[in-house]
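Asks: To start, I am sharing the structure in question, which I have written as structure tokens.
The values are calculated or read from the model by the stated rules, or taken from the named source; none is laboratory data. Because the structure is predicted, anything quoted here is derived from the model rather than measured. No Cβ is skipped: glycine too gets one built from the backbone with ideal geometry, and neighbour counts run over all protein chains shown. Side chains included, ligands, DNA and RNA excluded: accessible areas come from the protein's heavy atoms. Shrake-Rupley method; radii C 1.70, N 1.55, O 1.52, S 1.80 Å.
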Amino acid sequence: MHCPSTVAKLISTCTALGTFEGLVYAKNILNQFRYDNQNDGTLFMYNSLIRGYSSIGLGKEAIRVYLEMLSLGISPDKYTFPYLLSACTKISATAEGFQVHGSVIKMGFQGDMFILNSLIHFYAECGEIVMGQKVFDEMIDRNVVSWTSLICGYARSGLAKEAVELFFEMVEEGTRPNSVTMVCVISACAKLRDLELGERVRGHISSLGVKVNTLMVNSLVDMYMKCGAFDTAKRLFDECEQKNLVVCNTIMSNYVHSGMVREALFILEEMLRQRLVPDRVSILSTISVSAQLGSIFLGKCCHAYVLRNGLEGWDSISNALIDMYMKCGKQEVAFAVFHRMANKTVVSWNSVMAGYIRNGDLSSAWEVFNNMPESDLVSWNTIISALVQESMFEQAIELFRTMQNKGIKADRVTMVSIASACGYLGALDLAKWIHAYIKMNKIPCDIRLSTALVDMFARCGDPSTAMKIFNNIENRDVSAWTAAIGAMAMEGNGNQAIELFNKMLRQGVKPDGVVFVGLLTACSHGGLVEQGRDIFKSMTSVHEISPQIVHYGCMVDLLGRAGFLEEALDLIKLMPMEPNDVIWGSLLAACRMHRNLDIAGYATERMKELASDRTGIQVLLSNIYASAGKWTDVAKVRRQLKEKGARKVPGSSSIEVNGQIHEFTSGDESHPEMMHIAAMLDEMHCRVEAAGHAPDLSNVLLNVDEEEKEYVLSRHSEKLAIAFGLISTDQGTPIRVVKNLRICSDCHSFAKLVSKTYNREIIVRDNNRFHFFQRGVCSCNDYW
């Protein structure tokens, strides 16, 4: 073969086949031509090869041919660069693309629209959108490809708003978009979840005469689904005459993500009626439907389809099957799928771990976590969240510290869990460190994390910081308002809680049942009986929210604390649902406070009918008898507890000193500093006694002499913690104690006098609320 034009045509034909074999043959032809004719070949031959390699994604080979061409002294022309830039784009060869751009300028091709469009596309696809915009701005003439390349680049770079703005600028300048433009800009609207903007863009389709195709219908369906306009999306889908698998998968997957699994199944049925063969995307959605419905039958059908069609090799399919079997309670089958996977990715390990956690098997989840060959942020977030859910707060904090030591950067999800753990521990120093960590690492504070921080500081006894964070939240939802109201409830500031609630209503936020729990609790802690009654009535009369058993429990607590025991009992009798042991327990607690044995006896009989085995209720009943001096009845109740193998939860208090949490149990003297603590306790008792404190021995519910009662009372856990705080912290430092039970009346009056005698602020968080002791006064005004 000696005719260059014939060889060039043959090479062009081979590369046009679009196969690797065809390109190998074309390259061999070129090499043979050069060998036979002692000729370097023509530019057309090299352009054909570059185009061919680029078309099948072999960018490195295309670049290699280009460099070979340059080494032979053959100069590129205006056709070479678009093919070469396409090759660079497909393999994200940014550095090489920059060099090509330099050659374009050096050779004077910067005015060629086709090359400039290729440059814009290259920069946009490689994430160099600023450079793409620069090339676009320097163009003298632009066509629809120029605009579309840049619009698509913005959309793919996560700059959806800029993509839509550029589209409207394009229309204003009189450039008519094509179907590719419309698909890109509609997809950008979908990312923004902006229905109004999407409708405006859709209006241009008909006004500009853009021909609607299946790809455009698919993007419109996706946009409407993501914007929540499900009826409009379904209507478009139904009107589409040429439904293909892509459109069906789009609407089906969106239904699944929105939890509309029944609708997703209807789409699957329609797919099968039209003889469309479900692919990997279709089966992923169907497996997810099975998981959400908890349908093991449908799940097994999906699994069988996967095996018949050889889809088990896809990691995403196997991961979805693991998730489905775990959600259906079939842990053994899920693990069998996991075990058979040839390529166990970190997602696979995470799916197994999350499944165990969902089924309440934390020990297996922990074992999976420790055996993972590699872990990612999701792995750490999953196990930390599980520890928090299981009330293993200290372990969650410790694991977070391990995560930091390994150099894994936390995100918003991590910090929500850690803030929750810190809040339950009541460790203010740790809370301040967490807040500083979020700021220092520039972790975005969305409404969920901000709400978690409000709750954390409220639980740690720092309502002022909690409210500062709340006031900085933009677009507060009902959860954020609930957290702020809860902060006021824990502080005992009922009036401020009500003011917050009214402000929430004025801002147009619709209340839910949870916010009323916080509001009624605030009224209970503040003794605002009349306001509490009005709020409870307004639930149905104004807000159309039916009170649940938890709301009735709040009202019983509110009325009981205030001494309206008869009214509380009447409310219980009028409840539309059966009162549970919590309701009767609240009434019993009020009976003990106000020493009403008659109603206590009635409540006890109702409790027996419930056959409740809650130890706390039995202990409360024992305490009521003990307060009345009925030691025979006390012995009877305690004997019943012993026969059941139940034991009273001992009072325990914790205090954070220098970042370490110290825990004390009533009567326990095992702390390493006990000798110094005991000495401080003796000093404290002498000083508060001189200030007028008399021990309230009614809090010792044991049939022992008064001297023994005084000693037992002196070793209550909160007193031990306060004594440790006094010897371990500097003068002026607030002492913060967290107690697992309600503070007794003696410890309450004792703490007031200690705060005055030692000039220290003492903050005690019991299982009910906060008590801020300062200069001999408590924030609860002795109403607790």
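Asks: Under a 1.4 angstrom probe, counting protein chains only, how are 369, 266 ranked by accessible area, largest first?
Replies: From most accessible down to least: 266, 369.
Asks: Now, a different point. Quick check: residue separation of residue 478 and residue 359 times 0.36 nm, minus the Cα distance between them. What number comes out in nm?
Replies: Length gained between residue 478 and residue 359: 39.9 nm.
Asks: Share of antiparallel DSSP beta bridges in the chain, in percent to the nearest 5?
Replies: Expressed as a percentage, antiparallel bridges in the chain total about 80.
Asks: Sort 520-530, 570-580 by packing, meaning the average of other beta carbons within 10 Å per residue, with the highest value first.
Replies: Result, highest mean Cβ count within 10 Å first: 520-530, 570-580.
Asks: Here's something else I'd like to know. If each of residue 537 and residue 72 carries a label point 7 Å out from its Cα toward its Cβ, how far apart are those two points in nm?
Replies: About 9.6 nm separates the two model spin labels.
Asks: Still on this model: Sort 500-508, 531-539 by the packing proxy (mean of other Cβ within 10 Å over each peptide's residues), most packed first.
Replies: The densest-packed peptide leads the list: 531-539, 500-508.
Asks: Let me ask something else. With a cut-off of 18 Å, note down the residues of the range 53-76 whose backbone N falls inside the zone around a label point 7 Å from the Cα of residue 28 toward its beta carbon.
Replies: The answer is 53.
Asks: By the scheme Lys and Arg +1, Asp and Glu -1, what is the net charge of all other residues having a beta-carbon under 11 Å from that of residue 337?
Replies: So the environment of residue 337 carries a net charge of 0.
Asks: Distance cut-off 19 Å, Cα to Cα: go down the list 300/330; 573/608; 191/243 and report the pairs above it.
Replies: Over 19 Å Cα-Cα: 191/243.
Asks: Leaving out ligands and nucleic acids, and using a 1.4 Å probe, what accessible area per residue does the range 280-400 come to in Å²? The partial results should precede the final answer.
Replies: Details: 5630 Å² over 121 residues.
On a per-residue basis, the range 280-400 sits at 47 Å².
Asks: Distance cut-off 26 Å, Cα to Cα: go down the list 60/106; 60/406; 134/439; 327/432; 503/537 and report the pairs above it. Kindly include the intermediate steps, with their values, before the conclusion.
Replies: Details: 60/106 23 Å; 60/406 37 Å; 134/439 35 Å; 327/432 38 Å; 503/537 19 Å.
Cα-Cα > 26 Å for 60/406; 134/439; 327/432; rest within.
Asks: Straight-line reach from residue 90: which aspartates and glutamates have Cα under 15 Å away, leaving out those fewer than 8 places along the same chain?
Replies: By straight Cα distance, residue 90 reaches 61, 125, 128.
Asks: If you roll a 1.4 Å probe over the heavy atoms of the protein chains, what accessible area per residue do you get for the range 664-778, in Å²? Walk me through the intermediate numbers first.
Replies: On the way: 5160 Å² over 115 residues.
I get 45 Å² per residue for this part.
Asks: While we're here: With contacts defined as alpha carbon pairs under 8 Å and 6 or more residues apart, what's the relative contact order of the chain in percent?
Replies: Details: 1099 pairs, mean separation 34.5, N = 784.
Rounded, it is 4 percent for the chain.
Asks: Hey, another quick one. Which ³J(HN,Hα) values, rounded to whole Hz and listed in residue order, are derived for the range 159-173 from phi using the Karplus coefficients 6.51, -1.76 and 1.60 in 6.51 cos²θ - 1.76 cosθ + 1.60 with θ = phi - 60°, glycine and proline given as x?
Replies: 9, 5, 4, 5, 5, 5, 4, 5, 4, 5, 5, 4, 5, 4, 7
Asks: Ok, one more. Taking the Cβ of residue 573 as the centre, find all other residues whose Cβ is under 12 Å away and add up their charges (Lys, Arg: +1; Asp, Glu: -1).
Replies: -3
Asks: Excluding same-chain residues fewer than 8 positions from residue 226, which aspartates and glutamates have a Cα within less than 12 Å of its Cα?
Replies: Those aspartates and glutamates meeting the cut-off are 194.
Asks: Hey, with R₀ at 25 Å, roughly what FRET efficiency would residue 502 and residue 448 work out to, going by the Cβ-Cβ distance, to 0.05?
Replies: On the way: r = 25 Å, r/R0 = 0.98.
So, using R0 = 25 Å, E works out to roughly 0.55.
Asks: Could you work out how far apart the two model spin labels at residue 665 and residue 610 are, taking each label as a point 7 Å from the Cα in the direction of the beta carbon, and quote it in nm?
Replies: Between residue 665 and residue 610, the simple spin-label model gives 2.8 nm.
Asks: Pull out a ≥ b ≥ c, the square roots of the eigenvalues of the alpha-carbon gyration tensor of the range 536-611, then state rounded if a/c is under 1.5, prolate if not and a/b is larger than b/c, and oblate in the remaining case. Spell out each step's value before the answer.
Replies: On the way: a/c = 2.62, a/b = 1.56, b/c = 1.68.
Note, shape of the range 536-611 comes out oblate.
Asks: Going by a ≥ b ≥ c, the root eigenvalues of the Cα gyration tensor, does the range 109-175 fall in the rounded group (a/c under 1.5), the prolate group (a/b larger than b/c) or the oblate group?
Replies: Because a/c hits 1.5 or more and a/b fails to exceed b/c, the range 109-175 counts as oblate.
Asks: Now for a different question. Can you pull the Kirkwood radius for the chain, inverse mean 1/r over Cα pairs, to one decimal in Å?
Replies: 32.7 Å
Asks: Right, next: For a Förster distance of 41 Å, can you work out the FRET efficiency between the beta-carbons of residue 20 and residue 280, rounded to the nearest 0.05?
Replies: That gives a FRET efficiency of 0.95.
Asks: Report the Cα centroid-to-centroid distance between the range 356-389 and the range 99-125 in angstrom, as an integer.
Replies: 50 Å
Asks: Beta carbons within 10 angstrom, averaged per residue: use that to sort the peptides 455-465, 123-133, highest first.
Replies: 455-465, 123-133
Asks: Could I ask something else about it? Just report the Cα centroid separation between the range 477-529 and the range 181-236, whole Å.
Replies: 42 Å
Asks: For the range 428-510, report the accessible area per residue in Å² (1.4 Å probe, heavy atoms, rounded to an integer).
Replies: Here the per-residue accessible area is 46 Å².
Asks: Using a 7 Å offset from Cα along Cα-Cβ at residue 577, what residues in the range 544-565 end up with backbone N under 13 Å from the label point?
Replies: Counting only backbone N, you get 546-554.
Asks: Express as a percent, rounded to the nearest 5, the fraction of DSSP beta bridges in the range 664-778 (both residues included) that run antiparallel.
Replies: Numbers: 6 of 10 bridges.
So the antiparallel bridges in the range 664-778 amount to around 60 percent.
Asks: Could you check how much of the accessible area of the chain is carbon and sulfur, as a whole percent, using a 1.4 Å probe?
Replies: That fraction is 51 percent.
Asks: Accessible area of residue 256, 1.4 Å probe, to the nearest 10 Å²?
Replies: Accessible surface of residue 256 is approximately 10 Å².
Asks: Next up: At a Förster radius of 56 Å, what calculated FRET efficiency corresponds to the Cβ-Cβ distance of residue 266 and residue 745, to the nearest 0.05?
Replies: Computed FRET efficiency for residue 266 and residue 745 comes out at 0.30.
Asks: Mind checking the full-extension length gain between residue 13 and residue 378? Use 0.36 nm per residue of separation minus the Cα-Cα distance, one decimal, nm.
Replies: 126.4 nm
Asks: Is the shape of the range 664-778 rounded, prolate or oblate, going by the alpha carbon gyration tensor and its root eigenvalues a ≥ b ≥ c, with a/c under 1.5 for rounded and a/b larger than b/c for prolate?
Replies: rounded
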